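Heads up, the thing below is written out as structure tokens.
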Amino acid sequence: LTMIAACAVQPPFYVGGAVIPVLQQCGECRQYQYPQRNLCGHCLGDRLTNVPVYHVGELVVTSDLHHSLELRFTQKLPWRIGTVKLDCGPTVLVHIKDLTLCPEMRVLVKKYLQSDGSELLQASRQA
């Protein structure tokens with residue numbers, strides 16, 4: 001079983017009340033990419049489709065955001081953010097609520113809808 005096949009999930013795309021994030025997958029080389037682009041970053045193919053993916057990876061680094069120009073974040077400062085290297089390839093920027101998470105830990109990344117309608121990726125401890 002390839003890593004790419006191991007990452008794909010079937011409907012419904014919800015885990016614990018959160019929406020499973022969707023990544024672009026190239027129809028030519030089958031690589032996942034983030035953020036979304038017009039062409040594949042690996043082979044420059046243009047057959048890109050959005051695929052829900054089970055997002056498990058390794059937390060690479062964390063940092064605390066102490067200042068933001070975005071009003072929705074200024075009310076919640078300091079805000080912990082981090083970078084996660086997903087098992088299926090891409091690296092994503094995430095928000096971290098669980099302050100016990102630290103680099104090299106295995107995490108699950110979920111997409112949450114905020115009250116203002118915006119979406120964010122959040123890392124949590126892998127079960």
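The values are calculated or read from the model by the stated rules, or taken from the named source; none is laboratory data. These numbers come from a predicted model, not from an experiment. Heads up, the Cβs are rebuilt from the backbone with ideal geometry, glycines too, and the neighbour counts pull from every protein chain shown. Heads up: the accessible areas ignore ligands, DNA and RNA and are worked out on the full protein's heavy atoms, side chains in. Shrake-Rupley method; radii C 1.70, N 1.55, O 1.52, S 1.80 Å.
Quick look at the values:
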item	result
At R0 = 35 Å, FRET efficiency that the Cβ-Cβ distance of residue 67 and residue 104 yields, to 0.05	0.80
Relative intensity, log₁₀ I(q)/I(0), of the stretch 65-114 from a Debye sum that treats every alpha carbon as a point, q = 0.14 Å⁻¹	-0.41
Accessible surface, 1.4 Å probe, highest first, among residues 96, 81	81, 96
In the stretch 59-127, the trypsin sites (Lys or Arg not before Pro) that fall in loop regions by DSSP, at most 14 other Cβ within 10 Å	76, 97
Net length gained if the chain between residue 43 and residue 58 were fully extended (0.36 nm per residue, minus Cα distance)	2.9 nm
Whole-percent carbon and sulfur share, accessible surface of the stretch 56-127, 1.4 Å	55 percent
Segment residue 50-residue 77, length gained on full extension (0.36 nm per residue, minus Cα span)	6.5 nm
Sparse-neighbour loop sites [GluC sites (Glu not before Pro); the stretch 45-127; at most 16 other C-beta within 10 Å; DSSP]	70, 104
